[in-house]
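Worksheet: one structure, shown below.
The values are calculated or read from the model by the stated rules, or taken from the named source; none is laboratory data. Note that this is a predicted model, so its numbers are computed, not measured. Backbone-built Cβ (ideal geometry, glycine too); neighbour counts: all protein chains shown. Calculation scope for accessible area: heavy atoms of the full protein, side chains included, ligands and nucleic acids excluded. Shrake-Rupley method; radii C 1.70, N 1.55, O 1.52, S 1.80 Å.
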Amino acid sequence: MTDTGHAVIPLTEIPVSRREQAKADILESYLFSSQVHTLQTLTVTITAGIKPGEEKINALALLQLLQRFHLETVKISALIIHGVLAEEPFDESLYVPWDDDGLGRTVRLVSKNNDITLTVSGTLPRGGKSGRITRTFFDKGSNAGKILSDGRIDFREMLRYPSAKAGDLLLQVSLPDTAKDGLSHDGTPVQPPVAKEYPLKLGKNVEQVYITTDEGEPGYDVKASRDGVVITHLGPEGISAIDITDRIVVGDIDFSVGNIGSDVVCPVSMQAESVNEGFQVKVAGSVTIRTINGGHVESGKKATVDQMLPESHLISDGDVACRSVSSSTISCEHGTVSIQREAIDATIHAHRVAINTSAALLLNSHLHTCVADLDNVRVSGKNHLILGPGLFAKRDELTLEKRRINTALHELEETLNKAKASLVAELKSLSAEFGEDESVRPVFKKIVASLKAYEFEGVPRLMASLKRGNTCLAVSGAMQTIEHTRTLCGRFWDLEAQAKALHGKISEVEEALRSISFSLNARLRPSAVIAIHLGSNDPAPLTLEAPPGSDHDHAVNIKGKFTVEEGLVTSQRSR
């Protein structure tokens, strides 16, 4: 009996002579040495030719060879004998189980034209697959943030900046599966490869959620736990670390890095050494930049810049602090722009402009603001302070529109009054046609009450009930007049609503105008001028300049405030 419990035919019970046994031993040794192994499928193949009259020797050699592989059941013996003795082409297989867990081997014998091929196949190991990233939910490769050795983040934006919101899927990773040994052709156990978890380090702003993947494997999702951008480490097997950050630190924004958020605003704050000509930055958070060298920067929060070199642009939804700005533009419509050292050939748009550090320089610049605080400033060249930019033009535009609507209201009111008078006359004439008919009096009362209340909906039904014989034409005429009156009322009410809305907008603009003020404590260099405008189209700005022919600085200390009633009132004069 074998380990599997199957009956066997002992080789000693096969009647053979000594000569036949010797030949069988020699053939067995030859076949064993010439066997061909296929490691990928755990298979061995043995091929032999059968000479007429030596079928018993071949069968005995094959049975002895299979005995080496611990394959010696009655069924295998029958398979070998039948295959060797078959006169017709023979091709049969036999599966021999090894245990109750699915391990076993397959013996196949093919016989044709005096050639036999014996194949013994084992069972491949199952499982043993290591964990891997099965899905990636963000642009990776050159579009993913890479943490550099010095802690900075390199972002080369080819298509878009890979950003994520809290709860977004980033990666799907499978876990290593359960492994099971295989079985070689000779019965030797074959161990599966060692299965390992995918080496992925998760940052503090991502979370791990265990799942069953779409392929039915155990695994986990990696999700963002906050808004930000994706940053990664790349290892030999791919992404080796991942996190979300809302603050990035980069070097020079140039060809080595690329744009930051050119198409989609990047949901981070950023610190950079420089933003160079031809490149742009658009972030939802704050920015801290040493130099903007001809680049374009937009920030959703405050911006801190050391210097802006010519042809640079900065747009910020928060306050801006800049040490030096030269031949560049700053836009901060709702915040304060503070200049610490100098504004040269600069254009600044802000709700408030403050230049109040010791001996700051203002040279050939345009300041568009509602509140200007210029203290201890040196002024050179020709400068313009435009107070309330856009507000005065907006007020004039709204006032003109209100005047147009009021005129239209007056004209429409006259037309409406004529239509009402005509309707009253028609209703009186229609009532007279009914004479003393008491049945129509309640109807007329309802019609009149509805019209006085401007409730037109039920009037057509009431008027239709008055159509009797020769009154049909008069009723139809009155209904046309009612519909015309209804249309005029609708237009009148729309114009009234527009007039009310315009009044509110004008009040808002005037409230903003009341916030206009300036404070100027400056020293004007010889030939220096600073012109103070009310809006962009002021025909007669307040001009402050050094006395003609003077070769000394001219001190100026003046304050001013705008009122709707008096205009610009200053500490020296009003206009």
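So if I check each of Gly335, Gly295, which one is more than 19 Å from Gly388 (Cα to Cα), of a type in the set (Gly, Ala, Ser) and under 30 Å from the mean Cα position of the chain (by Cα)? Give the derivation first.
Details: Gly335 fails: more than 19 Å from Gly388 (Cα to Cα).
The unique qualifying residue is Gly295.
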request  = Could you please find all residues in the stretch 486-519 being free of Cβ contacts under 8 Å to residues at least 24 places away in the same chain and open to solvent by 90 Å² or more (accessible area, probe 1.4 Å)?
outcome  = Trp493, Asp494, Lys500, Glu508, Glu511
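Could you pull out the residue among Ala343, Ala360 that is open to solvent by less than 40 Å² (accessible area, probe 1.4 Å), under 16 Å from Thr291 (Cα atoms) and in the same structural domain as Glu545 (by the TED database)?
Values: Ala360 fails: under 16 Å from Thr291 (Cα atoms).
Answer to the selection: Ala343.
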request  = State which residue pairs qualify: first residue open to solvent by 40 Å² or more (accessible area, probe 1.4 Å) and inside the stretch 104-118, second residue among the aromatic types (Phe, Trp, Tyr) in any location, beta carbons under 9 Å apart, and separation of 6 or more residues or different chains.
outcome  = Thr106/Tyr95; Val110/Phe90; Lys112/Phe90
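Filter the stretch 192-210 for residues that are at pLDDT 85 or above and either surrounded by fewer than 14 Cβ atoms within 10 Å (Cβ to Cβ) or farther than 15 Å from Leu171 by Cβ (or both) and give the result. Steps first, answer last, please.
To start, the set of residues in the stretch 192-210 that are at pLDDT 85 or above comprises 196-210.
Scanning the stretch 192-210 gives Lys196, Glu197, Lys201, Lys204, Gln208, Val209, Tyr210.
Pick from the stretch 301-321 the residues that are buried (at least 20 other Cβ atoms within 10 Å of the Cβ) and of a type in the set (Gly, Ala, Ser): which of them is farthest from the chain's Cα centre (by Cα)?
Going through the stretch 301-321, the residues buried (at least 20 other Cβ atoms within 10 Å of the Cβ) turn out to be 303, 305, 308, 312, 314, 316, 319-320.
Cutting the leftovers down to of a type in the set (Gly, Ala, Ser) gives us 303, 312, 316.
Numbers: Ala303: 23, Ser312: 28, Ser316: 21 Å.
Result: Ser312.
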message = I'm told Asp375 meets every condition in (1) modelled with pLDDT under 95; (2) under 21 Å from Ser338 (Cα atoms); (3) surrounded by 20 or more Cβ atoms within 10 Å (Cβ to Cβ); (4) out of contact with any Lys or Arg (no Cβ under 7 Å at 6 or more places or on another chain) except one. Can you identify the failing condition by its number?
response = (3)
key: Val287 being buried (at least 18 other Cβ atoms within 10 Å of the Cβ), under 18 Å from Ile339 (Cα atoms) and hydrophobic (A, V, I, L, M, F, W, C)   = yes
message = What pairs come out if I take residues in the stretch 316-332 that are in the same structural domain as Ala360 (by the TED database) and over 14 Å from Thr369 (Cβ atoms) and pair them with residues that are charged (D, E, K, R) and open to solvent by 10 Å² or more (accessible area, probe 1.4 Å) whose C-beta lies under 6 Å away, six or more apart or interchain?
response = Gly318/Lys301; Gly318/Lys302; Arg323/Asp306; Arg323/Arg341; Ser324/Arg341; Ser324/Glu342; Ser327/Asp345
message = Given the condition open to solvent by 10 Å² or more (accessible area, probe 1.4 Å), of a type outside the set (Asp, Glu), in contact (Cβ under 8 Å) with a residue 40 or more places away in the chain and over 24 Å from Ala531 (Cβ atoms), answer yes or no: does some residue in the stretch 266-274 qualify?
response = yes
query = Just one of the numbered conditions (1) touching a Leu at 6+ places or on another chain (Cβ under 9 Å); (2) surrounded by fewer than 21 Cβ atoms within 10 Å (Cβ to Cβ) is not true of Arg247; which one?
reply = (1)
task = Run down Ser274, Ser299 and say which single residue is over 18 Å from Gly228 (Cβ atoms) and hydroxyl-bearing (Ser, Thr, Tyr).
result = Ser274
request  = For the stretch 119-128, state whether one or more residues are touching a residue at least 24 places away in the same chain (Cβ under 8 Å), in a loop (DSSP other than H, G, I, E, B), out of contact with any strand residue (DSSP E or B) (no Cβ under 8 Å at 6 or more places or on another chain) and open to solvent by 20 Å² or more (accessible area, probe 1.4 Å).
outcome  = no
request  = Return the residue satisfying two criteria in turn: it lies in the stretch 33-51 and is open to solvent by 40 Å² or more (accessible area, probe 1.4 Å) and more than 23 Å from Ala86 (Cα to Cα), and of such residues it is nearest to the chain's Cα centre (by Cα).
outcome  = Gln40
query = From the residues in the stretch 425-450 that are within 18 Å of Ala464 (Cβ to Cβ) and not in a helix (DSSP H, G or I), which one is nearest to the chain's Cα centre (by Cα)?
reply = Phe434
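Could you go through the stretch 56-76 and let me know if any residue there is open to solvent by 70 Å² or more (accessible area, probe 1.4 Å), assigned to a helix (DSSP H, G or I) and farther than 23 Å from Pro189 by Cα. Step through it out loud before you land on a result.
From the stretch 56-76, those open to solvent by 70 Å² or more (accessible area, probe 1.4 Å) are 56, 67-68, 70, 75; that's our starting set.
When the remaining residues are screened for being assigned to a helix (DSSP H, G or I), the result is 56, 67-68, 75.
Narrowing the set further to residues that are farther than 23 Å from Pro189 by Cα leaves 56, 75.
Scanning the stretch 56-76, I find at least one residue that is open to solvent by 70 Å² or more (accessible area, probe 1.4 Å), assigned to a helix (DSSP H, G or I) and farther than 23 Å from Pro189 by Cα, so the answer is yes.
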ask   = Got at least one residue in the stretch 417-424 being assigned to a loop (DSSP other than H, G, I, E, B) and exposed (fewer than 13 other Cβ atoms within 10 Å of the Cβ)?
value = no
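Kindly indicate which of Glu411, Glu433, Glu438 is open to solvent by 70 Å² or more (accessible area, probe 1.4 Å) and closer than 30 Å to Lys505 by Cα.
Working: Glu433 fails: closer than 30 Å to Lys505 by Cα; Glu438 fails: closer than 30 Å to Lys505 by Cα.
That would be Glu411, the only listed residue that is open to solvent by 70 Å² or more (accessible area, probe 1.4 Å) and closer than 30 Å to Lys505 by Cα.
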